[in-house]
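Everything below concerns the one structure shown next.
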Amino acid sequence: MEELKKKIREVPDFPKPGILFYDVTTLLKDKDGLRQIIEILTRRYQSSGITKVLGIESRGFILGPPLAYNIGAGFVPVRKPGKLPAQTFRLSYDLEYGTDALEIHTDAIDPGERVLIVDDLIATGGTAAAAAMMATRMEADIVELAFLIELDFLQGRSKLDGYNVFSILRY
């Protein structure tokens, strides 16, 4: 895992002073690094009976489709408001400084479907918790939430109490 960490660029003071941004694009552009993370996720979920992989905008769109393909599941985008063309279910949630919202098509998940929620990073956990709440309200069976990176010091996992959480890399 240390080899994967070496492929992630750390950008200080982005998007604002005092923040250390973990830029996964440097890992994703590396064919071996990308292959390794998709293989790790595929091995973990290939026998889990997952029917849908929900990818959170935007980097969940990068990891979700190849994983869904590998495990024989469908892919569902969870997007920022106003990006999906048909009827949506919207959930607003609180951030550290304000609010945000996510949307999913109302016909994206059937009750009882086994879903996996995927994103590149869990920080404070607000976005992931909102996606999980949406899927739960749609009567999905959430198998797990999976992340490439987890920032332990921000304790985002605590907002996902009651859900299984998996992270490939932890800082």
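Find the Cα radius of gyration of segment 60-171, compare it with 2.2 N^0.38 Å by division, and give the number to two decimals.
1.02
Which value, in debye to the nearest 20, gives the size of the charge dipole of segment 2-170 about its Cα centre, when Lys and Arg are +1 and Asp and Glu are -1 at the Cβ? Please report the intermediate quantities before stating the final value.
Numbers: 21 positive and 24 negative charges, 70 e Å.
Computed charge dipole of segment 2-170: roughly 340 debye.
Taking amide H as placed 1.01 Å from N in the peptide plane, the amide H of Gly74 sits under 5 Å from that of Lys52, Val53, each at least 5 places away or on another chain. Tell me whether segment 1-102 comes out rounded, prolate or oblate; compute the Cα gyration tensor, take square roots of the eigenvalues as a ≥ b ≥ c, and use a/c under 1.5 as the rounded threshold. Oblate shape, in that a/c is at least 1.5 and b/c is the bigger or equal ratio.
How do 7-18, 135-146, 116-127 rank on mean C-beta neighbours within 10 Å, highest first? Display every interim value, and only then the final one.
Numbers: 7-18: 10.7, 135-146: 19.2, 116-127: 22.8.
Those peptides, ordered most packed to least, come out 116-127, 135-146, 7-18.
When Tyr45, Tyr97, Tyr163 are sorted by how many other C-beta atoms sit within 10 angstrom of their C-beta, beginning with the fewest, the order is Tyr97, Tyr163, Tyr45. When only alpha carbons are used to place a centre, segment 71-89 and segment 103-171 end up 15 Å from one another.
For Tyr93 and Glu10 in the same chain, what is the full-extension length gain: residue separation times 0.36 nm, less their Cα-Cα distance, in nm? List each step's numbers first, then the result.
Numbers: separation 83, 0.36 × 83 = 29.88 nm, distance 2.78 nm.
Gain on stretching Tyr93 to Glu10: 27.1 nm.
Calculate for the chain the 222 nm mean residue ellipticity that helices alone would give, adding -39,500 (n - 2.57) per DSSP H run of length 4 or more and normalising by residue count, nearest 500 deg cm²/dmol.
Working: 5 runs with 48 residues, N = 171.
Calculated mean residue ellipticity at 222 nm is -8000 deg cm²/dmol.
Give me the number: length gained by fully extending Thr106 to Glu3, i.e. 0.36 nm times residue separation minus the C-alpha to C-alpha distance, one decimal in nm. Kindly include the intermediate steps, with their values, before the conclusion.
On the way: separation 103, 0.36 × 103 = 37.08 nm, distance 4.03 nm.
That pair, Thr106 and Glu3, stretches by 33.0 nm at full extension.
For segment 2-170, the share of DSSP beta bridges that are antiparallel, to the nearest 5, is 35%.
Remark: segment 51-65, residue by residue, has Karplus-estimated 3J(HN,Hα) of 9, 9, 10, 9, x, 7, 4, 10, 6, x, 6, 7, 7, x, x Hz, where x stands for each Gly or Pro and the curve is 6.51 cos²θ - 1.76 cosθ + 1.60 at θ = phi - 60°. Along the axis of the charge dipole computed for segment 49-136 (Cβ charges of +1 for Lys and Arg, -1 for Asp and Glu, origin at the Cα centre), the listed residues Thr88, Thr106, Ala73 are led at the positive end by Ala73.
In which sequence would Lys159, Lys52 go, from the one with the fewest C-beta neighbours within 10 Å to the one with the most? Could the numbers behind the result be given before it?
Details: Lys159 18, Lys52 21.
Starting with the residue having the fewest Cβ neighbours, the order is Lys159, Lys52.
FYI, it's all coordinate maths here, none of it is from the lab. Please read these numbers as outputs of a predicted model, since none were measured by experiment. Positions of Cβ are generated from backbone atoms using ideal geometry, with glycine treated the same way; all protein chains shown enter the neighbour counts.
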